[in-house]
Amino acid sequence: SGGSGVRCAAYNATLSGSASNSRHLQGKAVDFSSPGTSAAIIEAYLTKLKNAGKIRYWYKISAGSYHMDVN
């Protein structure tokens, strides 16, 4: 559900902890959540995508929320 995909520089600058060179500015990063889905399932899927070269990396932001960078 929702999250943050492509951002403009002005909006990006208002976000705590967001880097000025964030890949969100290029449309190459996304933050998302998947309510009701097991963290183990999401994390296994993200790991599979990374191992297949589909994404650069991912990390857990907080319970049920994730960030991933695409190639």
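Of note:
- When all protein chains stay in place and ligands, DNA and RNA are ignored, the 1.4 Å accessible-area order of Ser4, Ser16, largest first, is Ser16, Ser4.
- The chain: angle of helix 39-51 to the longest principal axis, Cα-based, in degrees nearest 10: 80 degrees
- For the set Leu46, Leu15, solvent exposure ranked by accessible area (probe 1.4 Å, protein chains only) runs largest to smallest as Leu15, Leu46.
- For the chain: rounded, prolate or oblate by the Cα gyration tensor [a/c cutoff 1.5]: oblate
- Taking trypsin sites (Lys or Arg not before Pro) across the chain, the ones in a DSSP loop with at most 14 further Cβ atoms lying within 10 angstrom of their Cβ are Lys54.
The values are calculated or read from the model by the stated rules, or taken from the named source; none is laboratory data. All figures in this text were calculated on a predicted structure; none of them were measured in a lab. No Cβ is skipped: glycine too gets one built from the backbone with ideal geometry, and neighbour counts run over all protein chains shown. Heads up: the accessible areas ignore ligands, DNA and RNA and are worked out on the full protein's heavy atoms, side chains in. Shrake-Rupley method; radii C 1.70, N 1.55, O 1.52, S 1.80 Å.
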